[in-house]
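Scroll down for the structure; my scribbles are underneath it.
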Amino acid sequence: MTAVKSQRQAKILEIISTINVETQEQLLLELEQAGFRSTQATISRDIKELRIVKELTTLGTYRYTTAAKEVPTSFSNRLNTIFRECVTRYDYAQNLVVIHTLPGLAAAAASAIDSMNLSVVVGTLAGDDTVLVIMRDNNAAAQFCGEISNLTN
């Protein structure tokens, strides 16, 4: 991440925490007044990366805010649903877990795993119907497959 991007995103978080920002246009104006020139497309990407959402205010309007942090669990509800609905088989070899899904759903499964921010997961790689999960060690891979088994059975 570039220094400018980091500074811009930090400023975005500061702005939405101090004033009620209802639109991207308003956010762009606030950023410009703070000395950051940007485009709507860039702001849109920043909003997605920072997981900024709109919430209803007590006045009946909407404002940008940071998404509440999910309570860490072994698997989120989203991951449970994805795995129950789309995993067809899985296995592991040493620290690598291979998950087979219905066609077109591997990216969703990999994204769900990534969003969990599990310290034992180094990363994921998704194709059309296959996900490769790289774990920190062999035990983590075995435990991960055990959790998948619990979800899919």
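The values are calculated or read from the model by the stated rules, or taken from the named source; none is laboratory data. Everything numeric in this text was worked out from a predicted model, so none of it was measured. FYI the Cβ positions are ideal-geometry reconstructions off the backbone, even for glycines, and counts take in every protein chain you see.
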Boolean, Asp114 is modelled with pLDDT of 90 or more and either over 12 Å from Ile148 (Cα atoms) or exposed (fewer than 15 other Cβ atoms within 10 Å of the Cβ) (or both): no
Looking at the range 115-153, which of its residues are under 16 Å from the mean Cα position of the chain (by Cα) and over 17 Å from His100 (Cβ atoms)? Ser115, Met116, Asn117, Leu118, Ser119, Val121, Val122, Gly123
Please determine whether any residue of the range 135-146 is part of a loop (DSSP other than H, G, I, E, B), modelled with pLDDT of 80 or more and over 30 Å from Thr18 (Cβ atoms). yes
Restricting the search to the range 128-143, which residues are more than 13 Å from Gln94 (Cα to Cα) and either surrounded by 13 or more Cβ atoms within 10 Å (Cβ to Cβ) or in contact (Cβ under 8 Å) with a residue 40 or more places away in the chain (or both)? Asp129, Thr130, Val131
With the requirement that a residue be buried (at least 18 other Cβ atoms within 10 Å of the Cβ) and in contact (Cβ under 8 Å) with a residue 24 or more places away in the chain, what does the range 117-127 give you? none
Among residues of the range 56-70 being loosely packed, with under 13 Cβ neighbours inside 10 Å and of a type outside the set (S, T, N, Q), the residue nearest to Ala10 (Cα to Cα) is Ala67
